[in-house]
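The values are calculated or read from the model by the stated rules, or taken from the named source; none is laboratory data. This structure is a prediction, so every number in the text was calculated from the model and none was measured. As a convention, Cβ positions derive from the backbone with ideal geometry for all residues, glycine included, and neighbour counts pool all protein chains shown. Accessible surface is based on the protein model in full, side chains and every heavy atom, while ligands, DNA and RNA are left aside. Shrake-Rupley method; radii C 1.70, N 1.55, O 1.52, S 1.80 Å.
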Amino acid sequence: MPEGDTVYLTAKNLAAVMDGQTLTRCDLRVPKFATVDLSGDVVDGVVPRGKHLLMRVGEYTIHSHLKMEGSWHLYREGSRWRRPEWQARAVLGVEGWTAVGFSLGMLEVVPRDEEESVVRYLGPDLLGPDWDASLALTNLLVDPTREVGLALLDQRNLAGLGNVYRSELCFLRGVLPTRPVGEVEQPEKLIDLAKRLIEANKDRAERSTTGVLRGEADWVYRREGKPCLRCGTTIERGQLGDTELELRDTYWCPRCQT
Ligand SMILES: [Zn+2]
């Protein structure tokens, strides 16, 4: 599940190889941008914004979002791709390397001076230079009746959290994801913990919220039917969303969380 930390590390890895390099190949496999060819232009930064990735090339920005299944891979010239060709949505080459965006949830090209408009709606970015914990808290509480599990995922409140972190954060703070956010005690601690967890994970490929990298890396996420690591009660799974179309799985311990 891609979250803000995944996008942060992806941007860092892409930048390490592509920044300052001239694109030798630009193959965007989405109908609207299939004819856009930025080859010959120079990559001038790869920037994460919450869960969005902005790759600046010449006068343009290639904006992508990993959504549920997306990933960017880097391949040395001639090496075999680890995901099937038909899943590739973007194939970008620089000398010696190919960057492939697989199953991207969204891909668009915008003029660079309009780049801000595509991410303007985002709240403070947990891993961004604009991080502002007090603004994130104010945003989180803007609708006190909203379920905390939904408020945490709303990128307008704070940017970078996905389904793994919202389940884990609610567990660690002992609140059910369905609890109205206005009833959460010391909600600033939820924000602080989100920041600490995502910072701790941003430079490693495998995420862990328990501190264990091999084995039980999560307290509740995808652990339905298994015993709670803290109290032994069976972990439950349900769905939470603003609309039926946006329902996402969520996990909790019915004893540790109230
Ligand atoms: Zn428990």
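The figures follow:
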{"read-out": "Yes/no for ARG146 being open to solvent by less than 60 Å² (accessible area, probe 1.4 Å), at pLDDT 95 or above and not hydrophobic (A, V, I, L, M, F, W, C)", "value": "yes"}
{"read-out": "Subset of the stretch 224-258 (residues that are farther than 21 Å from PRO2 by Cα, more than 8 Å from the ligand (Cβ to nearest atom) and of a type in the set (S, T, N, Q))", "value": "THR234, THR243, THR258"}
{"read-out": "Scan of the stretch 221-258 for residues that are modelled with pLDDT of 95 or more, surrounded by fewer than 12 Cβ atoms within 10 Å (Cβ to Cβ) and hydrophobic (A, V, I, L, M, F, W, C), ordered by number", "value": "CYS231"}
{"read-out": "Number of the exception - ARG173 against (1) open to solvent by 10 Å² or more (accessible area, probe 1.4 Å); (2) touching a residue at least 24 places away in the same chain (Cβ under 8 Å); (3) within 16 Å of the ligand (Cβ to nearest atom)", "value": "(2)"}
{"read-out": "Residue in the stretch 167-186 that is more than 19 Å from PRO254 (Cβ to Cβ) and in a helix (DSSP H, G or I) present", "value": "yes"}
{"read-out": "Among (1) more than 16 Å from the ligand (Cβ to nearest atom); (2) among the polar types (S, T, N, Q); (3) open to solvent by 10 Å² or more (accessible area, probe 1.4 Å); (4) under 30 Å from LEU14 (Cβ atoms) - the single one THR210 does not satisfy", "value": "(1)"}
{"read-out": "Unique match (being out of contact with any Cys (no Cβ under 9 Å at 6 or more places or on another chain), under 26 Å from LEU197 (Cα atoms), hydrophobic (A, V, I, L, M, F, W, C) and buried (at least 16 other Cβ atoms within 10 Å of the Cβ)) among VAL17, VAL47, VAL109, VAL43", "value": "VAL47"}
{"read-out": "Spans of strands (runs of 3 or more DSSP E) in the stretch 41-128 with at least 2 residues β-branched (Val, Ile, Thr) and within 20 Å of the chain's Cα centre (by Cα)", "value": "43-49, 60-65"}
{"read-out": "The stretch 189-223, subset more than 15 Å from the chain's Cα centre (by Cα) and basic (Lys, Arg), residue farthest from ASP5 (Cα to Cα)", "value": "ARG223"}
{"read-out": "Residue list for the stretch 75-99, filter: of a type in the set (A, V, I, L, M, F, W, C) and crowded, with 16+ Cβ neighbours inside 10 Å", "value": "ALA88, ALA90, VAL91, LEU92, VAL94, TRP97, ALA99"}
